[in-house]
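The values are calculated or read from the model by the stated rules, or taken from the named source; none is laboratory data. Because the structure is predicted, anything quoted here is derived from the model rather than measured. Don't worry about glycine lacking a Cβ; one is built from the backbone with ideal geometry, like all the others, and counts go over all protein chains shown.
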Amino acid sequence: MKAKYKRVLLKISGEALAGEKHSGINDELLMSVAKDIKALKEMGVEIALVVGGGNFWRGRTSDGMDRASADYMGMLATVINALALQDACRRSGIDAVVQTALTIEHIAEPYNKDRARKLLSEGTVVIFGGGTGSPFFSTDTTSALRAAEMECDVILLAKNIDAVYDRDPRLDPNAVRFSRISHTEVLERDLKVMDATAASLCRDYGIKIHVFGLAEKDGILRACAGEEIGTIIE
């Protein structure tokens, strides 16, 4: 399999890491991701990672809690997942570094754009945890920002659903699946594949997004090879 892209940002939702358990981390799935990352590296791809935290915490479901406090708790959840991914990579023989937008120096490096780019060019997998470091922004927005800063060719958006639909296919069996769609249409239809801030950033900076299911067999590799699985947003 030949890679279509040189440098990618792989966004993995926290829910996708949980697998069928719906919370926590599915270790088998975690190691499968690390296996795919190793295969990408062997194809010569430079890999940045952003991971969500929804398998541990979803702040928006916490009625009555201060929004900023809830968002900071969510950022810490992403750090847990980032450290788990780093450990899985290292167990698989992959050099990996976690950088966080929140300063937690005992367990991860603080985010530094220039160092992150240097590590990527040297073949190290860089995992970005802690979101943007500010409340009121999602990890989708983090993905768009880091993809722009790292000059990635594409965002590979691995989710617990296999494509973009006009409504939730888990609730409506008649939901329409898109194979290709524009950023503008995602915004106009208010599709929930990512938040509006992230979609706008990707549109404005011409960043392609490839949405697919993390559970899809060899999904990460196939998406990076340019196969038309899931949905391509451009």
Within the stretch 40-72, which residues are crowded, with 16+ Cβ neighbours inside 10 Å and part of a helix (DSSP H, G or I)?
-> L40, K41, G59, A70, D71, Y72
Tell me, which residue of the stretch 171-198 that is touching a residue at least 40 places away in the same chain (Cβ under 8 Å) and out of contact with any Ser or Thr (no Cβ under 9 Å at 6 or more places or on another chain) is nearest to V8 (Cα to Cα)?
-> S182
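State whether the residues of the stretch 13-29 include one that is under 20 Å from I229 (Cβ atoms), in contact with a Lys or Arg (Cβ under 7 Å, 6 or more places away or on another chain) and at pLDDT 90 or above.
Checking the stretch 13-29: not a single residue is under 20 Å from I229 (Cβ atoms), in contact with a Lys or Arg (Cβ under 7 Å, 6 or more places away or on another chain) and at pLDDT 90 or above.
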Of residues in the stretch 93-152 being β-branched (V, I, T), under 24 Å from D36 (Cβ atoms) and assigned to a helix (DSSP H, G or I), the one modelled with the lowest pLDDT | T139
Of the residues that sit in the stretch 170-190 and are buried (at least 19 other Cβ atoms within 10 Å of the Cβ) and touching an Asp or Glu at 6+ places or on another chain (Cβ under 9 Å), which one is farthest from D140 (Cα to Cα)?
-> F178
If we scan the stretch 216-232, do we find a residue that is over 25 Å from E149 (Cβ atoms) and exposed (fewer than 14 other Cβ atoms within 10 Å of the Cβ)?
-> yes
Just name the residue that is nearest to the chain's Cα centre (by Cα) out of those in the stretch 137-189 that are among the basic types (K, R) and closer than 20 Å to A225 by Cα.
-> K159
